[in-house]
Structure formats: C-alpha cells, structure tokens
1. So which of Lys136/Lys178; Lys178/Lys255; Lys19/Lys286 end up more than 28 Å apart by C-alpha?
2. Rounded to the nearest 10 degrees, what's the angle between the helix 150-159 long axis and the longest principal axis of the chain, both from Cα atoms, 0 to 90?
3. Considering the zone a paramagnetic label at Met117 would reach in this model (a point 7 Å from Cα along the Cα-to-Cβ line), which residues of segment 44-59 have amide N under 20 Å from it?
4. Give me the angle, in degrees from 0 to 90, between the Cα long axis of helix 232-243 and the longest principal axis of the Cα atoms of the chain, rounded to the nearest 10.
5. With a 10 Å Cβ neighbour count serving as the proxy for reagent exposure, in which order, fewest first, do Thr151, Thr191 appear?
6. In the Gaussian network model of the chain, springs joining C-alpha atoms below 10 Å, which of Lys185, Lys255, Lys168 carries the largest mean-square fluctuation?
7. log10 I(q)/I(0), Debye, Cα-only the chain, no solvent, q = 0.11, 0.14 Å⁻¹?
8. So what is the relative contact order of the chain, in percent, for Cα pairs below 8 Å that sit 6 or more residues apart?
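Derivation of every value follows stated rules applied to the coordinates shown; laboratory data play no part. Here the structure is a predicted model, which is why all the values come from computation and not from measurement. Cβ sites come from the backbone with ideal geometry, for glycine too, and all protein chains shown count toward neighbours.
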Amino acid sequence: MLAKPGKAFDSDDYLFEVKWDGARGLAFIEAGTYRLLNRRQRDMTDRYPEFHFFQGLPAGIVVDGEVVVLRQGRSDFGLLESRERARSPLTIRSLVRSAPATFMAFDLLFEGYRSCMALSLQERRERLARLVRGLKHPQLLLSESIRGSGTALFREASERGLEGIVAKRVGSRYLPAKRSDAWIKIKRSETTVCAIMGFEPWGQRDFRSLILAGHVDGELRYVGRVGTGFDRALRERLNQLLWSRLQPRPLVACKIRGQWVRPGLYCVLSYLERTAGEEFRAPAFKRLLEG
C-alpha cells in the first residue's frame, strides 16, 4: 500500500506515526522459515540474517514494515545504505555486528494464512501489536502511533531531524499497490539556492537531470543532481537556456559526465538532508532563478 504526499493536519479519523527512513519490507513467516521482500519484490532475506527472530512467530503471517538502522533513537539512512549494498557473507556478518538492523512493523496483511486486508487499520494494528509484544525481541518493534494530533507530531519529528510522519485513516482497508488519501506521507524538507552548472542529456534536446553546485564550508562545490519537479513549460524553458549556454568545462570539479553551461542560472531546491559527502538527499526542483 502506498501513500499520497500531503501537509500536516489534525483529525480523529487518522492515526499518525513516524515515517521511518529506511527500506520498505514485507516479511512472510512460514513453517520454520521466513522470507523478506522489498518493494520491488526482490528477496533480501540473506542481507539481514539478524531477522531470524521472525521464525518465532506463528506460521501464516505477513507483516509490512520498514528495515532501519537505529542510532540514538532515529534511523540512520547512511548506515542502512551500507546494509543494502552488502552482498558477500563476510561483509554482511561484519555489518550485523557494527550496524544491526531493526524491523519496524506497522501493518499486518495475513494471520494464520488468512488475509487481514479487508479489516480496518485499527483492528490490523491491534492484532499486530499482540504478535510483536508476544515475541519480545528488541529488533522487532511496533511503529507506535497517536490519534488526532498530526500537527504536533510533525513539529516534533521535524525538530528531531526525522524524515516526517505518515497519517493513516483508522477505518481504512489495506489496498496493495494503491496510492490514496487513506495513507498520507508528510515529509520534512529544507530549501536552498544552487547554481546550475550543467545537465545530463536525454535524447537530442532534453535533459535527464540538472547538475548542481553549492557552497560547502565557504567554497563552491558539486552538491548533487536533481531530476524531479519540472512541468512541461518549465522543462521547455530550461532546455532553451541550457542548450544555448554550453561551455566545454564544468564550473567546479565534478566526476559526473554531463554537458556544462556558463554561469548565471540558479534554482531553489528542496531536500531532506545532506549526506556525509555534502550531497542532497531527495532533492526536488522548486523554482528557476536567472542571474
């Protein structure tokens, strides 16, 4: 089930919970074994051997949740990325010790081989809570929720640097692969101004993403790419500007292969946070500025 984007609100018809910054996962618990699939239905069981505790749940259960690596009570996406990239058994065993993962459960799809998806969210969560608390394993946690007070929760999540919150209608059914206002994701974002120093071409006269430069510790550096936030009119305007301003070299050093443009184009960008390498996470183009 998928969520629509939205803004913070209050409603007694909704439960509000933290939006955990990790990798979505479905856990299938069978007789004496389990499988963990990601959103693309790819098996990632071997990547997280510490989740063997799922075998302690009754067979015939399917749990929806988020795989996270927690540091001081918040999810660390950089550490989670290292877990997601790991493939060799030796590397995985090392990361289990240095960056153990937690499964943050938030919905129940099957119990006793019977579908729960037609039940209300509230009843599914009550059943899930009994299962999680009955197992009592520190790496299987229930994503706790509050009812009604979405604005206050979003404010607190933002102050703590969390990704945001998710609002879920109390009486809603579980609708696989559907995106509706039964689930609403409310994400924190920052804004900044960047210089457009180039672009990755797409076809003969279009671009796949813009290549950006920004100030880091007082100097201009490559800070990432942005490929979302363009409507047709804006894309046409950008293509006119970009292709008429080509120059042979980038404004600053950059390992990305692209077409480079003369200085004078800037944009307002929204983003979730900066990575350890000072690049933007989840960037979105907001507005064009011409120097």
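1. Violating the 28 Å Cα-Cα cut-off are Lys136/Lys178; Lys178/Lys255.
2. Result, in degrees: 60.
3. It comes to 44, 59, nothing else.
4. That helix lies at roughly 40 degrees to the long axis.
5. So the ranking, lowest neighbour count to highest, is Thr191, Thr151.
6. Between Lys185, Lys255, Lys168, it is Lys255 that shows the largest mean-square fluctuation.
7. Each listed q corresponds, in turn, to -0.78, -1.08.
8. 19
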